[in-house]
1. Give me a count of the residues in region 223-244 that are buried (at least 24 other Cβ atoms within 10 Å of the Cβ), in a strand (DSSP E or B) and within 6 Å of the ligand (Cβ to nearest atom).
2. Could you look through region 17-61, keep only residues that are surrounded by fewer than 16 Cβ atoms within 10 Å (Cβ to Cβ) and in contact (Cβ under 8 Å) with a residue 40 or more places away in the chain, and pick out the one that is nearest to residue 94 (Cα to Cα)?
3. State yes or no: is residue 251 free of Cβ contacts under 8 Å to residues at least 40 places away in the same chain, in contact with a helix residue (DSSP H, G or I) (Cβ under 9 Å, 6 or more places away or on another chain), outside any strand (DSSP E or B) and within 14 Å of the ligand (Cβ to nearest atom)?
4. Answer yes or no: is there a residue in region 270-286 that is at pLDDT 95 or above, surrounded by 20 or more Cβ atoms within 10 Å (Cβ to Cβ) and more than 19 Å from the chain's Cα centre (by Cα).
5. Would you mention how many residues in region 153-192 are within 18 Å of residue 275 (Cα to Cα) and more than 16 Å from the ligand (Cβ to nearest atom)?
6. Take region 193-207 and flag every residue that is free of Cβ contacts under 8 Å to residues at least 24 places away in the same chain and either out of contact with any strand residue (DSSP E or B) (no Cβ under 6 Å at 6 or more places or on another chain) or away from the ligand (no atom under 15 Å from the Cβ) (or both).
7. Which condition number does residue 213 fail, the rest of (1) part of a loop (DSSP other than H, G, I, E, B); (2) more than 11 Å from the ligand (Cβ to nearest atom); (3) within 17 Å of residue 97 (Cβ to Cβ) being met?
8. Considering 256, 274, which residue is in contact with a strand residue (DSSP E or B) (Cβ under 9 Å, 6 or more places away or on another chain) and within 11 Å of the ligand (Cβ to nearest atom)?
Ligand code: R5P
C-alpha cells in the first residue's frame, strides 16, 4: 500500500500505485492558528492488513513544514502499525547539501534528518542522486537504502534524441566527476570537469577548467549535475563552455528546483536544452520516478 501526502503527491501516488498494482491512501494536513502543522494518515485502519507500506514523501518545496509532516506521518504509521514493513521514498532529499560542518559551530543537517528517520524502524529508504552518497553512507549505516541514479537514466534519454558522437560530458564541479566519468566511460565518450569555488561567506561562485582541454573540438557538451537550484552553477558552466567554442549545450540534472526563474538564467547563459526528472514538479521533466521505482520496489 502506498501512503502519500494529498496536496502535492496525489498524482505521484496514483501513478505509482497503478504501476505497482496496489492501493494507496493519503495523508492530510491541518494548520493551526499558531503555525503548527498536524499530519493525519487517512484510512489508517486499511494499513493493518498490508504486508508492506511505502510512504512516498516529497520534502520540497515548503521544506521545513514538510520535514515535520514527514516525521509526524512516520510517528502515526508506527503508532498504529508498529510491526509493519515500512519503506520510505524521498524523491528529493532536502537538507542533504549540508553534509559536513563547513563553518565552525554549524549543524550537520544530513546526519540530523537521517537520525530522525532511523528512529522509526524503516525497512528501506529509496533516494535519488543524493548530493553526496559517500556522506549519506557514512551517516546512514543502520539504514537499508536503495540509491537510484537518475543521471544515468537522463543520459540514456539524451542519447536517444540528440546526436552525441562528438560530445563531451562535463561535471560542473568535482563532486559530480565520478558519476560523469562512469557514464562517459560506459558510452566511450570524453569527459572533463570544471572547478567551482564558492566563497562560504559571500556565496559568490567562480568557474575554471579542471584540466587543460580544447573545448572547441566538440560540437556539444552535456553538463550533468545532481540539482539545479538557483541555476548559478549550471549557468557559469554553460557560459564558460560556450565562450570556449562549444556549439550546443545540453544541461541535465536529477532535481530541478529552478528557484527564482533559474531556467531563464540558464537559457540566457547559453543552455540550448534542459532536462530533468519529476522529483520536483517542473516543466522540463522527462523522467518520472513512479515509472522507475517499481523495478526497485519489486526487487
Ligand atoms: C553543488 O555542489 C551541487 O552539486 C549543485 O551544483 C548545486 O547545488 C547547484 O546549485 P545552484 O543551481 O544554486 O548553483
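The values are calculated or read from the model by the stated rules, or taken from the named source; none is laboratory data. From a predicted model like this one, the values you see are computed outputs, not experimental measurements. Here the Cβ positions follow ideal geometry from the backbone for every residue, glycine too, while neighbour counts run over all protein chains shown.
1. Of the residues in that region, 3 qualify.
2. 61
3. Considered against the rule, which asks whether it is free of Cβ contacts under 8 Å to residues at least 40 places away in the same chain, in contact with a helix residue (DSSP H, G or I) (Cβ under 9 Å, 6 or more places away or on another chain), outside any strand (DSSP E or B) and within 14 Å of the ligand (Cβ to nearest atom), residue 251 comes out as no.
4. Yes, because at least one residue in region 270-286 is at pLDDT 95 or above, surrounded by 20 or more Cβ atoms within 10 Å (Cβ to Cβ) and more than 19 Å from the chain's Cα centre (by Cα).
5. Taking region 153-192 as the starting set, the residues that turn out to be within 18 Å of residue 275 (Cα to Cα) are 153-164, 167-172, 176, 179-180, 183-184.
Narrowing further to those that are more than 16 Å from the ligand (Cβ to nearest atom): 153, 155-164, 167-168, 184.
The qualifying residues number 14.
6. Within region 193-207, 199, 201, 202, 203, 204 qualify.
7. Tallying (1) part of a loop (DSSP other than H, G, I, E, B); (2) more than 11 Å from the ligand (Cβ to nearest atom); (3) within 17 Å of residue 97 (Cβ to Cβ), residue 213 fails exactly one: (3).
8. 256
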